[in-house]
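K.L.:
What follows is a single structure, and I will ask about it in a moment.
The values are calculated or read from the model by the stated rules, or taken from the named source; none is laboratory data. Predicted model, so just to flag it, every value in this text is computed and none were measured. For neighbour counting, all protein chains shown are included, and Cβ atoms are generated from backbone atoms with ideal geometry for every residue, glycine included. These accessible areas exclude ligands, DNA and RNA; they are computed on the full protein's heavy atoms, side chains included. Shrake-Rupley method; radii C 1.70, N 1.55, O 1.52, S 1.80 Å.
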Amino acid sequence: MNAAAWGLGAAVLLASIVEMVEALTIVMAMGMTRSWRSTLMGVAAALVALAAFTAAAGYALATWLPEAALQLAIGGLLLIFGLQWLRKAILRSSGRKAMHDEDQIFAEEVAVAKQAGTVKAAGLDWFSFMISFKGVFLEGVEVVFIVITFGLSAGNMPVAIGAAVIGVLLVLVVGIAVRGPLSKVPENTLKYGVGLLLAGFGTYWAVEGLGIFTESRQSLDWPGADLAILVLIAAWFGLSRLLVRTLRRPAPAKSAPVPSTSGS
């Protein structure tokens, strides 16, 4: 595989791990607190819905748009996702946003599940079903978009799909072994890295897609071809670190000690 394919695989793998860690926290909270049967049924329904959504969205993008327009649309989507993730990473690194804490989120989900009432011995627990379905589907949609956009733009859907499947299986295996939220996963760092990759690839493909507005309607070429992706990722990293330094909260000033008046 070339450098672009390795970057594609890394971005999809990391993105799927991050999103599935968050989905696993919700599933674990519902299953351990209420009903595993209803929770797993919600997960299965979400996976079926995601498969249908993937097929429909992939077919529409691949058949309705010419190559340059496809690159522009996909690059724009990746830039939107990447800049959202980078924004959160910058705010967290600068101390202006709390770090993502899976243990805290798990505790909050458990508290909500307990407040939803008792679980019936028979029948479907709709609360577990719907919360699990929503959690897996919403987290999975972002992975689906990343898989489709990377796979179609790079012309390598097998690598994109394979990387996503590996990421999901890794999180699933570790989650079963730990039997709890994966709070030890450096999720904030992973999100920062994925944001840089998405922003870099998104910029690359969006600029190529601007060729749709030229007379030839053909994709534009970058100097250095795929090597330009590394330059773009480095540029986004430099800009993000500059923003972190600019936004970093200054340490609170220590107040001067009050002189003692005892004995005066």
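K.L.:
Rounded to the nearest 0.05, what FRET efficiency is calculated for ALA55 and GLU215 with R0 set to 25 Å and r the Cβ-Cβ distance?
P.N.:
0.10
K.L.:
Using 0.36 nm per residue, how much length does the chain from THR189 to ASP103 gain when fully extended, once their Cα-Cα distance is taken away?
P.N.:
On the way: separation 86, 0.36 × 86 = 30.96 nm, distance 1.67 nm.
The span from THR189 to ASP103 would gain 29.3 nm if fully extended.
K.L.:
In the chain, what percent of the accessible surface is made up of carbon and sulfur (1.4 Å probe, ligands and nucleic acids excluded)? Mind showing how you got there, number by number?
P.N.:
Details: 9790 of 14340 Å².
Reported share for carbon and sulfur atoms: 68 percent.
K.L.:
Counting only complete DSSP H runs, which helices of the chain cover 27 Å or more along their long axis at the Cα atoms and score a mean Kyte-Doolittle of 0.0 or above? Please report the intermediate quantities before stating the final value.
P.N.:
Numbers: long enough: 3-33 (45 Å, 1.67); 36-64 (41 Å, 1.27); 67-93 (37 Å, 1.02); 126-154 (41 Å, 1.60); 157-178 (32 Å, 2.75); 187-209 (32 Å, 0.38); 227-247 (31 Å, 1.92).
In the chain, the long hydrophobic H runs are 3-33, 36-64, 67-93, 126-154, 157-178, 187-209, 227-247.
K.L.:
With every protein chain left in place, what is the accessible area of GLU108 in Å² (1.4 Å probe, nearest 10)?
P.N.:
100 Å²
K.L.:
Under 10 °C and 1.306 mPa s, how fast does the chain diffuse according to Stokes-Einstein, given a Kirkwood radius computed over C-alpha pairs? Answer in µm²/s, whole number. List each step's numbers first, then the result.
P.N.:
On the way: Rh = 20.6 Å.
Answer from the Stokes-Einstein relation: 77 µm²/s.
K.L.:
Keeping every protein chain present and rolling a 1.4 Å probe, give me the accessible area per residue for the chain in Å². Write out the running numbers ahead of the final one.
P.N.:
Details: 14340 Å² over 264 residues.
Solvent-accessible surface per residue comes out at 54 Å².
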